[in-house]
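Worksheet: the structure to be examined is printed underneath.
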Amino acid sequence: MNTFTDSALTAFQLITSMDPGLWTIAVRSLGVSATACLIGCMLGVAFGAYLGVSHFAGKTMVLTVLNTFLALPSVVVGLVIYLLLSRTGPLGSLGWLFSFKAMVLAQVVLVVPVAAALSRQVVEDAESAHGEQWRSLGAGNLVRCLLLAWNERFALLTVIVACFGRAISEVGAVMIVGGNIDGFTRVMTTAIALETSKGDLPLALALGLVLLAIVGCLNVMLALFRYGQDRHRQSQPTSLRGWVA
């Protein structure tokens, strides 16, 4: 057998035997990314939805900056947050550096532009299709924003899953601000980088498979949820389908 086959077999053994070290890292990574995704999507989706229904001077510039932030390197985010949270930095008194909170903050900064840009496009497209009707009924920006977001909730769920994937697959920023401390701030991506450099390929491969499985399960759940909702709508009378949640 070759190195890949040996590593793959050992990786499956680590997963199926519920190796404590592997699953501790996986659970910690899931906690960091889920927290960051929740906070980042709350901020990003709200901001993106507002941009989707509003018109103001300088909106094009705001969208340009937002789209630029989509390509923001994670290591740059990590560096900036490191400087802010370091002992001599303006936020050093918080004592967050090399902690769970610092890693969450780094991932939030990366998630917000993704959530805002994607949700803005979703809501703006819906505004083009239905906004005129609601404006004629006297609905303001906030009401239209809420109605359009609810109407496009399945598309926004896809945005949230994409943001979670962005967060949990990130490595540069969390390694810089978290320090990759064993048993404390080591998450799946930083552990994969470390174990690969150490030559522990089975553990690195096992962590990679677990990461893919987590994201894959979320996408399967989303697809099943949408399928169930579509079947529910189709079962309704034709005259009621446009009103069924």
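Let a ≥ b ≥ c be the square roots of the eigenvalues of the Cα gyration tensor of region 75-219; is it rounded (a/c under 1.5), or, if not, prolate (a/b larger than b/c) or oblate? Cα axes put region 75-219 in the oblate bin. What's the angle, to the nearest 10 degrees (0 to 90), between helix 100-126's Cα axis and the longest principal axis of the chain? Between the helix axis and the principal axis of the chain, the angle is about 30 degrees. Contact order, relative form, for region 20-234: 31 percent (alpha carbon pairs under 8 Å, 6 or more residues apart, mean separation divided by residue count).
Ordering M103, M42 by the number of other Cβ atoms within 10 Å of each residue's own Cβ, fewest first, gives M42, M103.
Spread over its residues, the convex hull of the C-alpha atoms of the chain is 160 Å³ per residue. Averaging 1/r across all pairs of distinct Cα atoms in region 79-127 and inverting the result yields a Kirkwood radius of 12.3 Å.
Result for the chain in a Gaussian network model with C-alpha springs under 10 Å: among S197, S169, S29, the largest mean-square fluctuation is at S197.
Each value in this text was obtained by applying a stated rule to the coordinates, not by laboratory testing. Everything numeric here is computed off the predicted structure, so don't read it as measured data. All Cβ positions, even for glycine, are placed from backbone atoms using ideal geometry, and neighbour counts span all protein chains on display.
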